[in-house]
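The values are calculated or read from the model by the stated rules, or taken from the named source; none is laboratory data. From a predicted model like this one, the values you see are computed outputs, not experimental measurements. Virtual Cβ from ideal backbone geometry, glycine too; neighbours counted across all protein chains shown.
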Amino acid sequence: MSRKTLESNKGLGTKLQRTVMVRALSIAFGAAVLSMGVTPVAMAQSNATGSLSGTVDATPGVTVVLTNKDNGARRTLTPDSAGRFSATSVATGTYRVEVVANGKVIKTSDNVEVRVGLGTDVPLATTLGTVTVVGGAKKIEMASMGSTTVFTATDLAKVPVANNVGAVIQLAPNTTRGDSRYGGGNAPSFGGSSSSENAYYINGFPVTTLLTQVGFSQLPFNSIAQAQVLTGGYGAEFGRSTGGVVNIVTKSGGNQWVAGASYSITPNSLRSKAKDILFENNGTPLDGKIRIYNDANEQTDSTISGYIGGPLIQDKLFMYFSAEKNKTDSSGVRLANASAAGSVSTASWQERTVDIPRYLLKLDWNITDAHRLEYTRISDKVQDNRTYYGFNYGTLQRNNVVGGGASYLNWGPTPVASQQGSEVDILKYTGYLTDDLTFTGVIGRTKTPHDLTPAGYNSALAQVTAQSGNTPPSLGVVPILQSTTGNLLTPGAFDTNKGFRLDIEYKATSKHTLRAGIEKNTIESLAGASTAGGNQWIYLKTDPLLKPSLQTAPTGSVAGNPFAQQGYYVQKVVSATLSTPTVDQSAQYIEDRWQVSDRVLLSLGLRNEGFDNKNGDGKSYINLPTQLAPRFGATWDLMGDQSLKVFGNLGRYHVPLPTNVAVRGAGSSLNAQTDYVYTGIDSNGAPTGLTAISPFYSNNNELGQAKDPREVAAADMKGNFQDEIAFGFEQAVSKSLNIGAKFTYRTLRTAIDDHCDDRPFYAWAARNNVDASHWGYYCALFNPGEDNTFNLDLNGDGKLETIKLTAKELGFPPVDRKYIALDLFAEHPFDGKWYGKATYTFAKNEGNFEGQLLSDIGQADVSTSQAFDFPEFNVNSQGPLPNQRKHQIKLFGYYQLTPEWGIGGNMLYASGRPRNCIGNAPAPTGSDAPYVEGGPVTNYSGYGSAYFFCNGVASPRGNEGFLDDDFKVDFNAVYKPDFAKGLQFKVDVFNLFNRQSVEAIEERRHARGSSTVQATYGTVQSYTAPRSVKLTMSYDYKF
């Protein structure tokens, strides 16, 4: 609201304020049809830029010049006949905006900040001479149409927040921490969605974790210029998300050389003790005893970082380079106690070092004022080295005898539980072809290598199994040197994405700005597991005159080999579940930003998503080329002075399947062997003098071929999509207070998961006189709660039967996930002294399906969880979902006490997570008849605790109440001594009151195959981190 308006309204008191508020809410709720819904990003700009607009005198010959104050990039605009000007696709940063007439600057607005995804109004009204405007009355940004939170580097430096993007996300409303078992405990949930349904971008290119979609690649924290958190309702330019979008813009070099370095440490000596995890009272001998001993845990974190940036060619070519090395040294138990007397293990204690080296290189070339080229290179690796030792739970003492270990690179122990980095290359071109036409193009790639190496593992040594009596006595004892058994992550595993996007923006008239774009990403993975050491040698002995198998000749058929004549032979066994899946993701969108009047702005958009998931042979098992997603939005400048904005949005959003689905459901399976006779055994335990007595064969026809893609998934499936509507208002009550409210409603329309119940197919076969007596079902992807058509070879004749089954025949209710939220906020803009923001969210997140993950049990299989394996699992599953936090209050801000001293704070209060009792089926004996809604719930699955029943009694989702509330306060203090400009000392205290809240518990009541209550039921899985103190010293220098 302008100063003049404030003064004229001063005498009207609170009555007018109430009238305005009521009117705003009435319009927000009652005029939704007119507003058509809205999206939460500024329309008509790239997803890594912002926009500027304003009005000047409509004088012939007047131009508006925008100058980036860091790098000198200039852009000249010609206002229209009404004096309006607008600049889209403006790089983020600080600008000087000048009005020029007859070669003379007649007005200047200085220090105009452009934020990613937002529009900035420049105060350049009527002039009567040369005027400089710095600051001015607070106005509400009118271009965005929903919930967008932007954090600048300055904000992140002043608020006590951990130096990772996941912690920054939690400052925004409608976000919660996802289950602690996902993404290294750092995977967020947006608006009730699961943690795999979000999209992450750096400088306009996607960096979401490719294999599972849980998490994202990160960058040196001090290289973040701005971080935009979109919690829903985003525009047609964004896709592949039914949760939220995180959009990061990195720093760039400018015309002044700058450099700096910092070192921080969070010492173990200033860290509080972590809580021990105790067994709950379940009537077992373990009641009340320690399950996981944390009291002796130690952990020290340190980060060293540095940066340098400046002009390679003044006003033309710039560079910015930053690097950081994060290191965490920790020790503690890794395995739980399982005995009332105290378990003793040779590998229960762990010494662990996690190194995360990261760097960013940014090059910017202002080719001309109208053409700009940017290159970004990011490296992010997570190296995790673990050494195991013995531990005695009876004495709570460790020993110093090494009992194993493992080294991980961007992995482990399971991919969905780990942080994963990648190598990223991004090239972006921006061309301001005319005042009205802008073109941007981005090409890029990411690559994430994965590695798992057990301690002592030698990949050149095969596994050896040689039981006594199965080898010739004359050859002595067979050496067994390979200490690793079973299968390991396949060597050379990786995920890669190669993609591009093109956007064009055209201001067709003063009323309409059109935007269109295309994008394509090709994601490939090499994943799965294979035999450690390459193969396994299994020494055996048989009757030399008999065939050991149908494919194997008698050993005695090999003449001249005395061992063969005695029946000695060896199997060379190879096993793998390898896959090289590919996902082609494509999208096209078009959008019209329609300025209906000076006060009303509409956004009309349409996006088409295409997802083509292919197996290792390049054959599609799910191809969804046409998934239309309309996006509508509106804002209304209610008072006409940008002091009160009413907004709304309505849209549809799709989320893809990650590549891990192909590994689990559509990948190849190899379990085969070749049989040999031999004449000797070498020093590594491998046979010598081999003669094959069989071909390469598999008893189950698992020869490494991919599954038939037609059998892997139902035909003509729908995509996984969600609809959303939101509306609200924002008001600048004064220069020192902004307030707002927003209502959000989301509903999941369809889902994709796997189905493993064979009973409907046997019933179909019986109805259609098809012999399925030799058929076996290995699960298939489908749309739960919908009619589905499957193509399966039931009778083994090599031809696929087309099997149409209704949702009723499959036994599943419609998929349901609804998120309803009311957000309130109040903000004090920074006035040179202090900044503060408070948000409150009331939310209900209910249904029978969380999403692509299953946090109830922490299952790691994205989009192939057990949730819809059998219909009985859905009985009583309706209720509050794992990511519901009914009440959340978030407060953060900072205060500049003196020029040298500043303090900051960050507070979170969140209601507890719902808790469940997931037990055995009330009828322990399974029924071969397909499940019918309302019928008996039997244990046909054999899964054990997978049903919403407790002791045979119905236990609907959330019936056990809620976990304790989460409360956390962080605080910091900063000292910048006047005697040493650029030097800074900072202390951050995280979890000031040491409130260690329960994050998750074990909700399964019984162990598989048991009817007794397991000792771990109800036991805590994890607590929030204890209090810690981080000490930081940094120095920044301008040359």
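Of note:
- Annotation note: of 109, 86, the sole residue that is of a type in the set (Gly, Ala, Ser), at pLDDT 50 or above and in contact with a Pro (Cβ under 7 Å, 6 or more places away or on another chain) is 109.
- Just one of the listed residues (195, 189) is touching a Pro at 6+ places or on another chain (Cβ under 9 Å), assigned to a loop (DSSP other than H, G, I, E, B), within 19 Å of residue 149 (Cβ to Cβ) and touching a residue at least 40 places away in the same chain (Cβ under 8 Å), and it is 195.
- For the stretch 286-313, the set of residues classified as surrounded by fewer than 18 Cβ atoms within 10 Å (Cβ to Cβ) and either at pLDDT below 95 or among the charged types (D, E, K, R) (or both) consists of 287, 289, 295, 298, listed by residue number.
- Residue check for residue 56: surrounded by 21 or more Cβ atoms within 10 Å (Cβ to Cβ) and touching a Pro at 6+ places or on another chain (Cβ under 7 Å): yes
Matching residues to (1) crowded, with 18+ Cβ neighbours inside 10 Å; (2) within 21 Å of residue 687 (Cα to Cα):
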| residue | (1), (2) |
| --- | --- |
| 533 | yes, yes |
| 548 | yes, yes |
| 551 | no, yes |
| 566 | no, yes |
| 575 | yes, yes |
| 581 | yes, no |
| 589 | yes, no |
| 592 | yes, no |
| 598 | no, no |
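- Single residue of 713, 732, 706 found to be buried (at least 22 other Cβ atoms within 10 Å of the Cβ), touching a Phe, Trp or Tyr at 6+ places or on another chain (Cβ under 8 Å) and not aromatic (Phe, Trp, Tyr): 713
- When residues of the stretch 571-582 are limited to those that are modelled with pLDDT under 95 and in a strand (DSSP E or B), the one farthest from residue 496 (Cα to Cα): 575
- Applying the criterion of being in contact with a strand residue (DSSP E or B) (Cβ under 7 Å, 6 or more places away or on another chain) and not in a strand (DSSP E or B) to the residues of the stretch 395-417, the residue that is surrounded by the fewest Cβ atoms within 10 Å (Cβ to Cβ) is 412.
- Scope the stretch 645-680; condition aliphatic (A, V, I, L, M) and touching a helix residue (DSSP H, G or I) at 6+ places or on another chain (Cβ under 6 Å); matching residues: 646, 666, 677
- Inclusion of residue 874 among residues that are farther than 30 Å from residue 736 by Cα and more than 22 Å from the chain's Cα centre (by Cα) is warranted.
- Residue within the stretch 161-181 that is of a type in the set (A, V, I, L, M) and assigned to a strand (DSSP E or B) present: no
- Residues within the stretch 601-628 that are under 23 Å from residue 715 (Cβ atoms) and part of a strand (DSSP E or B), tallied: 16
- Some residue of the stretch 302-323 being touching a residue at least 60 places away in the same chain (Cβ under 8 Å), farther than 30 Å from residue 48 by Cα and in contact with a strand residue (DSSP E or B) (Cβ under 9 Å, 6 or more places away or on another chain): no
- The stretch 460-489: number of residues that are closer than 24 Å to residue 450 by Cα, buried (at least 19 other Cβ atoms within 10 Å of the Cβ) and either in contact with a helix residue (DSSP H, G or I) (Cβ under 7 Å, 6 or more places away or on another chain) or among the hydroxyl-bearing types (Ser, Thr, Tyr) (or both): 1
- For the stretch 692-703, the tally of residues that are in contact (Cβ under 8 Å) with a residue 40 or more places away in the chain and surrounded by fewer than 16 Cβ atoms within 10 Å (Cβ to Cβ) stands at 3.
- From the list 242, 284, the one residue that fits, being of a type in the set (Ser, Thr, Tyr), part of a loop (DSSP other than H, G, I, E, B) and within 30 Å of residue 505 (Cβ to Cβ), is 242.
- Answer from 252, 330, 264 - the residue that is under 21 Å from residue 398 (Cα atoms) and of a type in the set (Gly, Ala, Ser): 330
- Of the residues making up the stretch 780-790, those that are within 19 Å of residue 620 (Cα to Cα) and surrounded by 18 or more Cβ atoms within 10 Å (Cβ to Cβ) number 6.
- Residues considered: 909, 931. Of these, the only one that is buried (at least 16 other Cβ atoms within 10 Å of the Cβ), outside any loop (DSSP other than H, G, I, E, B), in contact (Cβ under 8 Å) with a residue 12 or more places away in the chain and not basic (Lys, Arg) is 909.
- Number of the condition not met by residue 25 [criteria: (1) farther than 30 Å from residue 590 by Cβ; (2) aliphatic (A, V, I, L, M); (3) surrounded by 15 or more Cβ atoms within 10 Å (Cβ to Cβ); (4) at pLDDT 50 or above]: (4)
- Residues of the stretch 418-452 classified as assigned to a strand (DSSP E or B) and surrounded by fewer than 19 Cβ atoms within 10 Å (Cβ to Cβ), total: 13
- Unique match (being surrounded by fewer than 18 Cβ atoms within 10 Å (Cβ to Cβ) and modelled with pLDDT of 95 or more) among 820, 803: 820
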